[in-house]
Amino acid sequence: MAISDAVGLELKSKVVGYKIVGTNFNNSTPNLPQRIALLAEANTANQSGLSTAGVQVTSAQQVGELAGYGSPAHSMARILFPKGGGGLIGGIPVILYLQAEAGSAAAKEHTVTATGTATGNGTHTLFICGRNGLDGVFYDINIAVGDTPTVIATKAVDAINSVLGCPVSATNTAGVVTATSKWKGLTAEDISITVSTNGDALGVSWAVASTASGAGTPSISAALDQFGSAWTTIVVNPYAASTVYAALEAFNGIPDSTAPTGRYAGITMKPFIAITGSTLENPTTVTDGRAANVTIAIAPAPLSKGLPYEAAANMTCLFARKAQDNPHLDVSGSYYPDMPVPSDGVIGAMSSYVNRNLYLTKGSSTVDLVAGRYQVVDFVTTYHPAGEDPLQFNYCRNLQVDWNIRFAYYVQEQINVVDHVISSDSATVTAGNVIKPKMWKSVVIGLADDLAARALIAEPQFMKDSIRVQISSVNPDRLETNFSYKRTGVARILSTTANAGFNFGSA
């Protein structure tokens, strides 16, 4: 049998043939490529003709043009793609799926009222969603002696509208500033506005009132329908609504040992983590009732005035980068790159280790406030069924380990097994594209060493000893494999006992 087919066997006349075949001789498999789905609302001004088809985006400016500047989509994109770069997401694909606003949606509205005529010159500053500005442009109101409330209100409107990415737009009516969210939806309800006099009132007092509530949550079904065969590993979910949680969980499914469902089903096996932000002091009000599911992972920013979905974007930056480059590592100890912290430096109950431990057992991720920034302590899904110890699918890092092992195995299947002829171990075969059970077992044995070298599994010999491969007894086109592996752990808890005594002289 020919070992080269560069020239067909049927040819007889003198000829020289040469063919190049691309072949991968690397014994180490690549990391699972990360892919991010960004679910988000567009501004009201962008609703007409809005496309809900997924589109890959590479900058906040691109998202701003599609969804409107200051929209939830744009606010998250400016964190994923910071101005001036920063390498947070790098080349990881981000697919934007916009949602049309719900039919009953309403915008969030505040009034900001100044009282008194200015007695001096100075600057007062608006804080919108915990920020005094965005990307180098500030919400500063430059007040001059003699400014009346109407003049001051005009300056406040200009300060708001001059910040392109501001989540609200402002108007002035008879000296009262009305700040309205640029989109309609429940996600706008978390918008907050305060005014700082920067230590000098200048004869002016301020009053801020919430005059209309944000309401309405769109459907995400059209976005989920577009996921298809691509492996989306992270979903950035801005919606804190039980209907959306349920839709994500039903679509993603569970890795049940007997009957996995959704994206965890055996013939699909392309699951994701839906990172969802929270500014609640205690997020377990969301997570505790979702103990059987492995989809939602809370990105907490307790008591932040920032928007919850900004916390989700922050955690996505950290986790996607780590999973892409070093999936054996965890994001614990990493800092949110761009999330407002409470002005008083207090994050409430989550600052206590006792509470963090409690929240973790109820399926909530945890953070601490260190050096004026949110620092990740635990990043987990809501999975915490009673009686399971250790929990198999709570830490998001462990899920990435499992997924990377599945991807590495898949790569080897594509190279060595798919569409190959299955032959018995005892047969002498000289033809190409043939796989025998013992040949495939040998490949999987090599995979065990690769996974151990990448610190994804411990005790590779345990995996090697567990490998079983056989040709099906009922279907000659079916090759069956079974193996076990031990995930590596992460040093999360350190316990040391030091025995101290006194030094006595010798007798």
Report task. Can you figure out the FRET efficiency of S162 with S213, using R₀ = 41 Å and their beta-carbon distance, to the nearest 0.05? Result -> 0.95
Query raised in the report: So what is the orientation-averaged projected area of segment 40-123, using the convex hull of its C-alpha atoms, in nm²?
Result: 8.7
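Where does the chain land at 222 nm, in deg cm²/dmol rounded to the nearest 500, when only DSSP H runs of n ≥ 4 count, each adding -39500 (n - 2.57), divided by all residues?
That comes out to -7500 deg cm²/dmol.
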Report summary line: Once Lys and Arg are counted +1 and Asp and Glu -1 for all other residues with Cβ under 14 Å from that of G91, the total becomes +1
Query - Potential extension, A102-E388 segment - 0.36 nm per residue separation minus Cα distance - result: 99.0 nm
Query raised in the report: Quick one: Cα centre-to-centre distance for segment 358-418 and segment 139-176, in angstrom?
Result: 46
**Report entry** Built amide H within the under 5 Å cut-off of L96, gap 5+
**Finding:** L38, V55, Q56, V57
Report task. Give me the accessible area of K305, 1.4 Å probe, in Å² rounded to the nearest 10. Result -> 120
Query raised in the report: Roughly speaking, to the nearest percent, how much of segment 190-237's 1.4 Å accessible area is carbon and sulfur?
Result: 48
Report summary line: 1/(1 + (r/R0)^6) with r = Cβ-Cβ of A246 and D5, R0 = 56 Å, i.e. FRET efficiency to nearest 0.05, evaluates to 0.55
**Report entry** Global geometry of segment 130-173, whether rounded, prolate or oblate, following the gyration tensor of its Cα atoms and the 1.5 cut on a/c
**Finding:** oblate
Query raised in the report: What nm distance separates the two modelled labels at T148 and T481, each placed 7 Å from Cα along Cα→Cβ?
Result: 8.0
Report summary line: So, with points 7 Å from each Cα along the Cβ direction, the T52-S423 label distance in nm works out to 5.4
Query - Cα gyration tensor shape of segment 346-415, rounded if a/c is under 1.5, else prolate or oblate by comparing a/b with b/c - result: oblate
Query raised in the report: Tell me, what HN-Hα J-couplings in whole Hz come from the Karplus equation 6.51 cos²θ - 1.76 cosθ + 1.60 at θ = phi - 60° for each residue of segment 376-390, using x for Gly and Pro?
Result: 5, 9, 10, 10, 9, 7, 6, 5, 7, x, 4, x, 8, 8, x
Query raised in the report: Ignoring ligands, DNA and RNA, what percent of the accessible area of segment 348-507 is carbon or sulfur (1.4 Å)?
Result: 51
Report summary line: In terms of the alpha carbon gyration tensor, root eigenvalues a ≥ b ≥ c, rounded if a/c is under 1.5 and otherwise prolate when a/b exceeds b/c or oblate, segment 222-298 is oblate
**Report entry** Potential lengthening between N416 and T173 on full extension [0.36 nm per residue; Cα-Cα distance subtracted]
**Finding:** 80.3 nm
Query raised in the report: If the label point is 7 Å along Cα→Cβ of T361, which residues in segment 290-328 have backbone nitrogen under 18 Å from it?
Result: 290-292
Requested in this report: For the chain, give the share of DSSP beta bridges that are antiparallel, in percent and rounded to the nearest 5; count only bridges with both residues there.
Outcome: 70
Query raised in the report: So how far apart, in nm, are the two label points at V490 and V474 if each is 7 Å from Cα heading toward Cβ?
Result: 4.2
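Can you give the Rg to Rh ratio for the chain, taking only C-alpha atoms and Rh from Kirkwood?
Result for the chain is an Rg/Rh of 1.10.
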Query - Calculated FRET value between N433 and D344, using beta carbons and R₀ = 60 Å, to 0.05 - result: 0.30
Report summary line: Residues other than K184 with Cβ under 15 Å of its Cβ, Lys/Arg counted +1 and Asp/Glu -1, net out at -3
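The values are calculated or read from the model by the stated rules, or taken from the named source; none is laboratory data. Small disclaimer: the values here were computed from a predicted structure and weren't measured. Reconstructed Cβ throughout: ideal geometry from the backbone, glycine too, with neighbour counts over all protein chains shown. We work out accessible area using only protein heavy atoms, side chains counted, and drop any ligands, DNA or RNA first. Shrake-Rupley method; radii C 1.70, N 1.55, O 1.52, S 1.80 Å.
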